[in-house]
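**Student:** Can you read through this structure? Questions will come right after.
The values are calculated or read from the model by the stated rules, or taken from the named source; none is laboratory data. Because the structure is predicted, anything quoted here is derived from the model rather than measured. Backbone-built Cβ (ideal geometry, glycine too); neighbour counts: all protein chains shown.
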C-alpha cells in the first residue's frame, strides 16, 4: 500500500470516529502526514473534516486555520474541489469571526464582502450573506446595521446554501434578545423549543438565548423550567460555553449554590485556556455575580473550590474568598469587554457585563 493510500485510509478511519477530541487529534495527525509527503489532495480533505470537528469541539481557531489553507488551495485549482464545501464552511468562519478580538471590524466586513462575491460568482442566493451580516453586526452591537441586513435577509430567496430553518429561527431569537425585544424573542424561541425544530446546535443554543429575556421580564419560574429541560444538553460542552454562561447567571439569580458551583468548576476547566475571547468574556461575566452571590450567602469567609492550576488566582489549598475571586473574574471580563468595545466601536460589551451583574443579583 502506498503512502497516499495509507493516508487516505487513515482519514476514512478518522471520519468514522465519534465526535470528540480523539477524532480531532486523528485528523490533525493526518494533516501532518499529508503535509510531510506533500499530498495536497489528502491535506485538503483532512482539513475539510477538521473544520467540522474543531467547530464541534469548540476550537474555532483551529477551524479558521484549516479553512484559510483550504480556501487558498481551492483558489489555485477551483475545478478540482467542490465550491459548495468552501461556501458552506465560509459561513461558519464568518459567523465565528466576531468572537476573537484579534479580528478587526474591517477584516470582518472584508470577509462579508468576499463571501458575497463568491456567492455571486457561483450563482447562489445572497440570503446567507445577508443573514450573516445581520448576525455579525448584531453580535458587535451595531443594531442599525443588523436591522438593515435583517430586512434584506427576509427578502432573499432560499436555496441549497441557506442555513436550515431551525438555525435561522434561532438567529432571530438572538437578534431580538440582543435588542431587548424580549416578548418577540420568546415567542420565536417557543416555535423552536415547543415546536421541536432542531439541528446539530438547536435547540441547545436557543435555551441560552432566552435566559436574559426571561430574567428581564421576571419570568423566573419559566426560566428555571427551561433550565431543567436543557441542562444535560449543555453541561460539559466546550462549543456551548456561551449558553452555559447564561445559565450560570440564572443559578446565581435563584441562589442555587450547589448546582452553580458544579457548573462553575466544570466549565472553568474548559474556559481558562480557551483562545475564544467571547467564550471567556461570557463565562467570566457570569462568574463575577455568581461568586458575589456565593459570598453574600455563606457564613464562611472561604470556600473550597476546584480551579485549574494554571489560572493566576489558583491556590494550592483550594480555599478561596468568593468575593475576592469575584473581583478577579470581573477584572478579566472587563478587560475583554474593553477590547471588544475598541474593536466594535461602541460600549456594547460593557453593557452586557453590567447587565449580567444586575440580572443575576436582582431581587424578584
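**Student:** Which residue is surrounded by the fewest Cβ atoms within 10 Å (Cβ to Cβ), if the candidates are limited to the range 259-284 and must be in contact (Cβ under 8 Å) with a residue 60 or more places away in the chain and outside any helix (DSSP H, G or I)?
**Tutor:** For the range 259-284, the residue satisfying everything is 275.
Condition check ((1) in a loop (DSSP other than H, G, I, E, B); (2) surrounded by 22 or more Cβ atoms within 10 Å (Cβ to Cβ); (3) touching a residue at least 24 places away in the same chain (Cβ under 8 Å); (4) out of contact with any strand residue (DSSP E or B) (no Cβ under 7 Å at 6 or more places or on another chain)) across all residues:
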{"residue": "286", "(1), (2), (3), (4)": "no, yes, yes, yes"}
{"residue": "307", "(1), (2), (3), (4)": "yes, no, yes, yes"}
{"residue": "332", "(1), (2), (3), (4)": "no, no, yes, yes"}
{"residue": "335", "(1), (2), (3), (4)": "no, no, no, yes"}
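Residue-wise test of (1) over 22 Å from the mean Cα position of the chain (by Cα); (2) more than 16 Å from residue 349 (Cα to Cα); (3) without any contact (Cβ under 8 Å) to a residue 40 or more places away in the chain; (4) buried (at least 18 other Cβ atoms within 10 Å of the Cβ).
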residue: 115; (1), (2), (3), (4): no, yes, yes, yes
residue: 119; (1), (2), (3), (4): yes, yes, no, yes
residue: 132; (1), (2), (3), (4): no, yes, no, yes
residue: 143; (1), (2), (3), (4): no, no, yes, no
residue: 156; (1), (2), (3), (4): yes, yes, yes, no
residue: 165; (1), (2), (3), (4): no, yes, yes, no
residue: 172; (1), (2), (3), (4): no, yes, yes, yes
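**Student:** Here are some residues: 35, 85. Which one is assigned to a helix (DSSP H, G or I), more than 22 Å from the chain's Cα centre (by Cα) and not assigned by TED's automatic domain parsing to the domain that holds residue 345?
**Tutor:** Answer to the selection: 35.
**Student:** Still on this structure: Does residue 72 count as buried (at least 18 other Cβ atoms within 10 Å of the Cβ) and either at pLDDT 95 or above or in contact with a helix residue (DSSP H, G or I) (Cβ under 6 Å, 6 or more places away or on another chain) (or both)?
**Tutor:** So residue 72 fails the test.
**Student:** Is it the case that some residue within the range 237-253 is part of a loop (DSSP other than H, G, I, E, B) and either touching a strand residue (DSSP E or B) at 6+ places or on another chain (Cβ under 9 Å) or more than 22 Å from residue 361 (Cβ to Cβ) (or both)?
**Tutor:** Yes, the range 237-253 has at least one match.
**Student:** Among (1) in contact with a helix residue (DSSP H, G or I) (Cβ under 7 Å, 6 or more places away or on another chain); (2) surrounded by 15 or more Cβ atoms within 10 Å (Cβ to Cβ); (3) over 25 Å from residue 337 (Cβ atoms), where does residue 93 come up short?
**Tutor:** Going through (1) in contact with a helix residue (DSSP H, G or I) (Cβ under 7 Å, 6 or more places away or on another chain); (2) surrounded by 15 or more Cβ atoms within 10 Å (Cβ to Cβ); (3) over 25 Å from residue 337 (Cβ atoms) one by one, residue 93 breaks only (3).
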